[in-house]
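Beneath this line is the structure, given in structure tokens, with notes to follow.
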Amino acid sequence: MRAIWKGAITFGLVNVPIKVYSATEDHDVPLHQVHDKDGGRIRYQRRCEVCGEVVAYEHIDKAYDDGERTVVLTAEDLGSLPAERSREVEVVEFVPTDQIDPMLLDRSYYLEPDSSSNKAYVLLRRTLEETDRTAIVKFALRQRTRLAALRVRDDVLVLQTLLWADEVREAAFPSLDEPAKVSTKELAMSSQLVESFAADFTPEEYQDDYQAQLRQLIEAKIDAGDTFSTEATFGEQEETGAEGAEVIDLMEALRRSVESSRGRKPGDATGEKPAKEAASSGSKKSAAATKKTKGTTASRASGGKAASTKEPAKKTTRKKASA
């Protein structure tokens, strides 16, 4: 694992240097979208609804819409706000563990001691265990103030970010206001049913059946040869606007993005990404498009449906070269 943040837990005069690691990860099979006709990758572009132009990332601002009016917030506007850059995880209070509603729990992070001695770390851990308390803390991550619960899991301190109180919706269902009569016999039978299913929870005994079957399906199609050449799924595209056909040069857009971001400061250790990384998704597509142009002959040699459907793209490439 790679640490995403460094700081220190502070309560009273105690200071516990720590490293923060993401405690969870997504196990879903990564999928992308393709054209059902020829298997070509589907690209998404940032297009202005007023002028119809494809807009580079460095020319995009954020805005708030209240339904009738739109307020544009420029990078300078957002930069004027006081940024949270503190490296402290400040303990606000210690509360009984059972008072924390699981509904409030959000993301989980492991904390590792970041000093030559782990004495302060172990002291805090044992204190939480013996008092059966959870520390409520405030800290800043990616320039946002966070509220979190600091607790112990398997001898490791865990930081679990919490939703703010106004982020939890109220459950107001009129149907529950209607009185319902439950007899003693019905309640007893229901309790017996619960006892028949009673067990200790072991999460390792459960698996995501859908993802497992999806992986089996993918392997079966690979074994059967029902695949495309990945190189052949990328192709150059022409965008037609009000002024006629316009070829989008992703490499040029990427170059301008990098040059524009050189004057900016890179993201700090709170995890904020530098501005130039915002164009990373375009970089991958650009590299793939360039690779396709150089390897058209190799793609045709791979044969099959994918190779035959790329012939129009090759003619377009020749036309561009002659121009």
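The values are calculated or read from the model by the stated rules, or taken from the named source; none is laboratory data. Bear in mind that the values here come from a model prediction, so they are computed numbers and not experimental data. Methodologically, a virtual Cβ is constructed for each residue, glycine included, from the backbone with ideal geometry; neighbour enumeration extends over all protein chains shown. Protein only, heavy atoms only, side chains kept; ligands, DNA and RNA dropped before computing areas. Shrake-Rupley method; radii C 1.70, N 1.55, O 1.52, S 1.80 Å.
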Of the residues that sit in segment 184-211 and are of a type in the set (Ser, Thr, Tyr) and open to solvent by less than 90 Å² (accessible area, probe 1.4 Å), which one is nearest to residue 31 (Cα to Cα)? 202
Residue that is among the acidic types (Asp, Glu), more than 22 Å from residue 18 (Cα to Cα), touching a Ser or Thr at 6+ places or on another chain (Cβ under 8 Å) and modelled with pLDDT of 90 or more, where the choices are 61, 101, 106, 65: 61
Is it true that some residue in segment 25-38 is within 30 Å of residue 132 (Cβ to Cβ) and loosely packed, with under 10 Cβ neighbours inside 10 Å? yes
Tell me whether segment 113-123 contains one or more residues that are touching a strand residue (DSSP E or B) at 6+ places or on another chain (Cβ under 6 Å), within 19 Å of residue 86 (Cβ to Cβ) and part of a strand (DSSP E or B). no
With the condition kept exactly as written, say whether any residue in segment 89-108 is open to solvent by 90 Å² or more (accessible area, probe 1.4 Å), aliphatic (A, V, I, L, M) and more than 17 Å from residue 144 (Cα to Cα). yes
Working carefully through the options 199, 212, find the one that is of a type outside the set (Lys, Arg) and not in a helix (DSSP H, G or I). 199
Between residues in segment 60-79 that are over 19 Å from residue 50 (Cβ atoms) and of a type outside the set (Val, Ile, Thr) and residues that are in a strand (DSSP E or B) and open to solvent by 90 Å² or more (accessible area, probe 1.4 Å), which pairs lie under 9 Å by C-beta distance while being six or more apart or on different chains? 75/62; 77/62; 78/62
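Quick grid of which residues meet (1) touching a residue at least 40 places away in the same chain (Cβ under 8 Å); (2) over 28 Å from the mean Cα position of the chain (by Cα):
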| site | (1), (2) |
| --- | --- |
| 125 | no, yes |
| 139 | yes, no |
| 142 | yes, no |
| 149 | yes, no |
| 152 | no, no |
| 166 | no, no |
| 170 | no, no |
| 177 | no, yes |
